[in-house]
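Colleague: My structure is below; once you've seen it, I'll send some questions.
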Amino acid sequence: MPPKQTSHLLNALRELMTNPKFISEPLQAYIIPTNDAHSSEYVADCDQFRAYISGFTGSAGTAVVTKDYACLWTDGRYFLQASQQMDNNWTLMKEGVPTTPTLAAWLAKMLPVGSNVGVDPKLFSLEMWNNVYNPLQSSGQKLVPVLTNFISLLWTDRPVRPANPIKPLALKYTGRTVEEKLKDIIEQMKEKNCSTLVISTLDDIAWTLNLRGSDIDYNPLFFAYLVIQPKGVALFVNLGQVSAEVRKHLLEEMGQFSFDINPYEDIEQYIKNCRDHKVWLPENINYFLSSLVPKQNQHNEISPTTLMKAVKNQVEVDGMRNAHIKDAAALCCYFAWLEENVPKGGVTEISGATKLEAFRALQEDFVGLSFPTISSSGPNGAIIHYQPSKETDRAITTDSLYLCDSGAQFKDGTTDVTRTLHFGTPTNYEKECYTRVLKGQLKLGNAVFPTKIKGNCLDSFAREFLWEVGLDYGHGTSHGIGSYLNVHEGPMGISWRPYPEDPGLEPNMFLSNEPGFYEDGSFGIRLEDIVQIVPANLPHNFNNRGFLTFETITLCPKQTKLINIEMLTDQEIYILNRYHQNCRDIVGPVLDKQEQLKAKEWLWRETEPIKRKDNL
C-alpha cells in the first residue's frame with residue numbers, strides 16, 4: 001500500500017499555525033500526540049489525529065510539524081512500519097537509538113529563542129506536558145495550550161465518537177464489589193489528605209465500577225471520567241450509554257456509597273468546583289483538566305486504582321488461568337488446521353487470522369479479540385506490529401516462517417500469546433535465531449528475584465543469548481495484562497528502559513514474557529507467554545524480603561522442529577519438556593471434551609519430549 005500523501009495537509013496545518021482566529025501569537029511548531037483525552041494507548045477512530053496527519057497507524061508515536069520539518073518519534077516496534085507508511089515529507093525519529101534526540105531536545109535546538117510550540121492540552125498528559133515544557137522553558141521557548149485541535153479542522157470526514165451500551169460485569173468475574181474497592185481507595189486518599197480523586201484512564205474506571213463497554217476496538221472500555229470523594233462517586237459519561245441495568249448494578253454494588261451520573265462534558269465545571277480542596281490528579285490526567293486546579297491544591301501521584309488493578313484478586317487469578325486454558329485449546333485447533341491446510345496452498349495471513357478467531361469464538365465467555373491478530377508470513381513477520389490488509393496479504397507457505405501474535409477477551413480474562421512456526425524445513429540460521437529467542441524466554445520465565453524489584457532489572461535475562469552473538473530486538477520484553485481489560489496494562493513491565501511508575505513486582509501480577517528477533521525483509525521470530533508472579537520456594541530469605549518467580553499460564557506448545565537441540569542445556573531441555581507435559585495434562589482433556597481430536601493429535605505430536613543426541 002503506498003504511503004499517504006500529506007503535502008496538502010501539512011500546508012493547511014502550517015497556515016493554521018499562524019491564523020489569529022485560533023491563536024494569539026503564531027506557532028513555530030505544533031505537536032500531535034497519539035493520546036486521546038484519557039491517555040489511552042489504543043484510541044478510537046475519531047481520535048486518530050496523529051495517524052490522520054502522518055499516515056502512520058501504529059499505537060505509539062508523536063508527530064511534530066514546524067515551518068520546514070515534519071518529524072515523527074516512535075519506538076523500535078514501529079521503525080519498519082512507519083518508514084513504509086509515511087511519505088517523503090516526514091522524517092522518522094527512532095526512539096531508543098542513542099543518536100536520536102528527544103522531542104523536547106530537538107525542538108529546543110531547531111527553534112529560535114522566543115518560539116511558541118502548540119499542543120491540544122486535552123491530548124497531552126500532565127507528565128508529557130512537564131517533560132516538554134521544562135526543557136523548552138530553559139531554552140527560551142514556550143509550550144502553549146491550543147484548545148482548538150488543528151487536526152480536527154482539517155479532518156472533514158472524521159468519524160463520530162462511539163457511544164455503545166455499557167454492561168455490568170458480574171461478581172463471579174470481578175471478585176470484589178465496587179463498595180469494597182471504594183473503601184480501599186478512600187483510605188488511601190485519606191493517607192494523602194485528599195478529599196477528591198479524579199480518574200480519567202478508561203480501564204481504571206471500568207475496573208473500579210465493575211463495568212465494561214466497547215467504545216474502543218478490542219478494549220472493553222467506555223468514554224468516561226470518574227470522581228471519587230469520601231461519601232461517593234460522580235461518573236461523567238454519555239447518558240445514552242447508561243441503562244437501567246447499569247444503574248441497578250451500581251445501586252447494588254455501591255453499598256454505603258452514593259453515586260451521581262452526569263453528562264460527559266460536565267467534568268470541567270465539576271473539577272472547578274473542587275479546586276479549593278486537595279485534589280488527587282494522577283500524572284496521566286490530561287493537562288487541560290489538571291490546569292483547572294491550582295498547583296498548590298494538587299496531589300500528583302499514580303492513581304491507587306492503577307496499582308490495585310495490577311495485583312489480581314483470587315477470582316481474577318482463577319479467571320486469567322482459565323481464560324488461557326480456553327485460549328490454548330483454540331490455538332491448538334488453529335495450528336493443527338494450519339499444519340493440515342498450508343501444504344495444500346490457499347491459506348493466507350487474513351484467512352488464517354479469520355479461522356483463528358472462529359476457533360476462539362467457540363470457547364465459553366468469548367467476547368472478542370484483544371487486539372488485531374498479527375498474522376505474518378515471511379518478511380511481513382519482521383514488521384513487529386504488522387496487521388495484514390488486502391494490499392499486504394501474503395500466503396502462508398511451507399518455505400517461510402509464520403509469526404502469529406494474537407489474543408482474546410473472555411469475561412474471565414484477557415489473553416495474548418505469540419508462536420512462530422515453520423510448516424516446511426527451516427534453515428539452520430532460522431533454527432539458531434529461534435533457539436536463542438527460546439533460551440532467553442526460558443531464562444526469564446524461570447528467573448528468581450526479590451519481592452518489589454523493578455521489572456527493568458530483569459530485561460537482560462531475555463536478551464543474553466541474542467547479545468552474545470550480536471543480535472537483539474527493538475521492543476520491550478514484557479507488559480502487564482488486564483483481567484478482561486486492556487491487553488497492555490501498566491504500571492509495571494520488563495524493558496531495556498525503566499517504567500517510571502513501576503511499583504516493583506509482587507505476587508499475582510500478570511505479565512508477558514516475549515523476546516524476539518527480526519530480520520528486515522526476511523522473517524520475524526517472537527515467543528510470548530503470559531506469566532503469573534508467584535512466591536519462590538527457597539532455602540533462604542535474605543533480610544526477610546521474600547523472593548518470587550514466574551509461573552507460565554500460557555499452554556501452547558513451542559515448535560520443536562525449529563529448535564537446535566544441541567544449543568540447549570540439560571536444564572533447558574528439562575524445563576521445556578516439563579512445560580509440554582503441562583500442556584498435555586491441562587489442555588488435552590479440554591480438547592477431548594470439545595471433541596477436537598485432530599487438535600489433540602497435533603498437541604501430542606508437538607509435545608513429544610526432546611533429547612540431545614549425546615543423551616540418546
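The values are calculated or read from the model by the stated rules, or taken from the named source; none is laboratory data. These figures come from a predicted structure and were not determined experimentally. Neighbour counts are summed over all protein chains in view; Cβ atoms, including those assigned to glycine, are modelled from backbone coordinates with ideal geometry. Ligands, DNA and RNA are stripped out before the accessible areas are found, and what is left, the full protein with its side chains, is counted by its heavy atoms. Shrake-Rupley method; radii C 1.70, N 1.55, O 1.52, S 1.80 Å.
Colleague: For segment 396-416, check the following and say yes or no: at least one residue is open to solvent by less than 10 Å² (accessible area, probe 1.4 Å), more than 17 Å from LEU527 (Cβ to Cβ) and either among the aliphatic types (A, V, I, L, M) or more than 23 Å from the chain's Cα centre (by Cα) (or both).
Modeller: Taking every residue of segment 396-416 in turn, at least one turns out to be open to solvent by less than 10 Å² (accessible area, probe 1.4 Å), more than 17 Å from LEU527 (Cβ to Cβ) and either among the aliphatic types (A, V, I, L, M) or more than 23 Å from the chain's Cα centre (by Cα) (or both).
Colleague: Can you spot a residue in segment 68-77 that is within 28 Å of GLY140 (Cβ to Cβ), at pLDDT below 95 and not aliphatic (A, V, I, L, M)?
Modeller: Scanning segment 68-77 turns up no residue that is within 28 Å of GLY140 (Cβ to Cβ), at pLDDT below 95 and not aliphatic (A, V, I, L, M).
Colleague: Condition first: assigned to a loop (DSSP other than H, G, I, E, B), touching a residue at least 24 places away in the same chain (Cβ under 8 Å) and over 28 Å from the mean Cα position of the chain (by Cα). Now tell me which residues in segment 268-287 satisfy that.
Modeller: Hits for segment 268-287 are HIS277, LYS278.
Colleague: What number of residues in segment 508-567 are assigned to a helix (DSSP H, G or I) and either closer than 22 Å to PHE335 by Cβ or open to solvent by less than 40 Å² (accessible area, probe 1.4 Å) (or both)?
Modeller: Qualifying residue count, segment 508-567: 4.
Colleague: Of the residues that make up segment 189-199, is at least one in contact (Cβ under 8 Å) with a residue 40 or more places away in the chain, touching a helix residue (DSSP H, G or I) at 6+ places or on another chain (Cβ under 6 Å) and within 18 Å of ALA310 (Cα to Cα)?
Modeller: Yes, there is a match, as at least one residue in segment 189-199 is in contact (Cβ under 8 Å) with a residue 40 or more places away in the chain, touching a helix residue (DSSP H, G or I) at 6+ places or on another chain (Cβ under 6 Å) and within 18 Å of ALA310 (Cα to Cα).
Colleague: Is it true that some residue in segment 174-186 is within 20 Å of GLN298 (Cα to Cα) and either aromatic (Phe, Trp, Tyr) or surrounded by 17 or more Cβ atoms within 10 Å (Cβ to Cβ) (or both)?
Modeller: Yes, segment 174-186 contains at least one residue that is within 20 Å of GLN298 (Cα to Cα) and either aromatic (Phe, Trp, Tyr) or surrounded by 17 or more Cβ atoms within 10 Å (Cβ to Cβ) (or both).
Colleague: Only one of these conditions is not met by CYS404: (1) of a type outside the set (Ser, Thr, Tyr); (2) outside any strand (DSSP E or B); (3) modelled with pLDDT of 95 or more. Which number is it?
Modeller: (2)
Colleague: List the number of the failed condition for PHE371; all other conditions in (1) of a type in the set (Phe, Trp, Tyr); (2) touching a strand residue (DSSP E or B) at 6+ places or on another chain (Cβ under 9 Å); (3) outside any loop (DSSP other than H, G, I, E, B) hold.
Modeller: (3)
Colleague: Can I ask one more? Can you work out which of the residues in segment 572-592 that are in contact with a helix residue (DSSP H, G or I) (Cβ under 9 Å, 6 or more places away or on another chain) and open to solvent by 10 Å² or more (accessible area, probe 1.4 Å) is farthest from THR420 (Cα to Cα)?
Modeller: Here the residue is ASP592.
Colleague: Going through segment 8-55 one residue at a time, which ones are surrounded by 17 or more Cβ atoms within 10 Å (Cβ to Cβ) and polar (S, T, N, Q)?
Modeller: GLN28, THR34, ASN35, SER39, SER40, GLN48, SER54 - these are the residues of segment 8-55 that are surrounded by 17 or more Cβ atoms within 10 Å (Cβ to Cβ) and polar (S, T, N, Q).
One line per residue, one yes/no per condition, for (1) modelled with pLDDT under 95; (2) over 21 Å from CYS332 (Cα atoms); (3) open to solvent by less than 20 Å² (accessible area, probe 1.4 Å); (4) of a type in the set (Val, Ile, Thr):
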residue: THR420; (1), (2), (3), (4): no, no, yes, yes
residue: TYR429; (1), (2), (3), (4): no, yes, no, no
residue: VAL437; (1), (2), (3), (4): no, yes, yes, yes
residue: GLN441; (1), (2), (3), (4): no, no, yes, no
residue: GLY445; (1), (2), (3), (4): no, yes, yes, no
residue: PHE449; (1), (2), (3), (4): no, yes, yes, no
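Colleague: Anything in segment 273-288 that is open to solvent by less than 10 Å² (accessible area, probe 1.4 Å) and in contact with a strand residue (DSSP E or B) (Cβ under 7 Å, 6 or more places away or on another chain)? List them, or say none.
Modeller: Within segment 273-288, VAL279, TRP280, LEU281, ILE285, ASN286 meet the criteria.
Colleague: Please enumerate the residues belonging to segment 452-476 that are exposed (fewer than 15 other Cβ atoms within 10 Å of the Cβ) and not in a helix (DSSP H, G or I).
Modeller: The answer is LYS452, GLU468, VAL469, GLY470, ASP472.
Colleague: Residue by residue through segment 369-385, note down the ones that are closer than 25 Å to ARG436 by Cβ, open to solvent by 10 Å² or more (accessible area, probe 1.4 Å) and not aliphatic (A, V, I, L, M).
Modeller: Within segment 369-385, PRO379, ASN380, HIS385 qualify.
Colleague: Among (1) more than 30 Å from LEU597 (Cα to Cα); (2) part of a helix (DSSP H, G or I), where does GLY319 come up short?
Modeller: (1)
Colleague: Could you pull out the residue among THR418, THR435 that is outside any loop (DSSP other than H, G, I, E, B), among the β-branched types (Val, Ile, Thr) and out of contact with any Lys or Arg (no Cβ under 8 Å at 6 or more places or on another chain)?
Modeller: THR435
Colleague: Might you check whether a residue that is within 30 Å of SER125 (Cβ to Cβ) and among the acidic types (Asp, Glu) occurs anywhere in segment 300-317?
Modeller: Looking for residues that are within 30 Å of SER125 (Cβ to Cβ) and among the acidic types (Asp, Glu), one finds at least one in segment 300-317, hence yes.
Colleague: Hey, could you check segment 320-362 for residues that are of a type in the set (Ser, Thr, Tyr) and out of contact with any strand residue (DSSP E or B) (no Cβ under 7 Å at 6 or more places or on another chain) and say which is least open to solvent (accessible area, probe 1.4 Å)?
Modeller: In this case the residue turns out to be TYR334.
Colleague: List every residue pair whose Cβ atoms lie under 8 Å apart, where the two residues are 6 or more positions apart in sequence or sit on different chains, the first residue falls within segment 67-91 and is assigned to a helix (DSSP H, G or I), and the second residue, located anywhere, is among the charged types (D, E, K, R) and open to solvent by 20 Å² or more (accessible area, probe 1.4 Å).
Modeller: Taking only residues 6 or more apart or on different chains, the pairs are GLY76/LYS94; GLY76/GLU95; PHE79/LYS94; LEU80/ASP520; GLN85/LYS4.
Colleague: What tally of residues in segment 593-616 results from selecting those that are in contact (Cβ under 8 Å) with a residue 60 or more places away in the chain and either open to solvent by 40 Å² or more (accessible area, probe 1.4 Å) or not in a helix (DSSP H, G or I) (or both)?
Modeller: Within segment 593-616, residues that are in contact (Cβ under 8 Å) with a residue 60 or more places away in the chain and either open to solvent by 40 Å² or more (accessible area, probe 1.4 Å) or not in a helix (DSSP H, G or I) (or both) number 5.
Colleague: Scan segment 363-403 for residues that are of a type in the set (A, V, I, L, M, F, W, C) and touching a residue at least 60 places away in the same chain (Cβ under 8 Å) and jot them down.
Modeller: VAL367, LEU369, PHE371, ALA382, ILE383, ILE384, LEU401, LEU403
Colleague: List the pairs whose first member sits in segment 157-177 and is free of Cβ contacts under 8 Å to residues at least 12 places away in the same chain, whose second member is open to solvent by 60 Å² or more (accessible area, probe 1.4 Å), and whose Cβ atoms are under 7 Å apart, counting only residues at least 6 apart or on separate chains?
Modeller: If the second residue must be open to solvent by 60 Å² or more (accessible area, probe 1.4 Å), no pairs are left.
Colleague: Mind checking whether some residue in segment 290-309 is buried (at least 19 other Cβ atoms within 10 Å of the Cβ), hydrophobic (A, V, I, L, M, F, W, C) and not in a loop (DSSP other than H, G, I, E, B)?
Modeller: Within segment 290-309 (the criterion being buried (at least 19 other Cβ atoms within 10 Å of the Cβ), hydrophobic (A, V, I, L, M, F, W, C) and not in a loop (DSSP other than H, G, I, E, B)), the answer is no, since none of the residues qualifies.
Colleague: Open to solvent by less than 10 Å² (accessible area, probe 1.4 Å), touching a strand residue (DSSP E or B) at 6+ places or on another chain (Cβ under 7 Å) and under 13 Å from ILE151 (Cα atoms) - does that describe any residue in segment 71-93?
Modeller: Checked against the condition, which is being open to solvent by less than 10 Å² (accessible area, probe 1.4 Å), touching a strand residue (DSSP E or B) at 6+ places or on another chain (Cβ under 7 Å) and under 13 Å from ILE151 (Cα atoms), segment 71-93 yields no hits at all.
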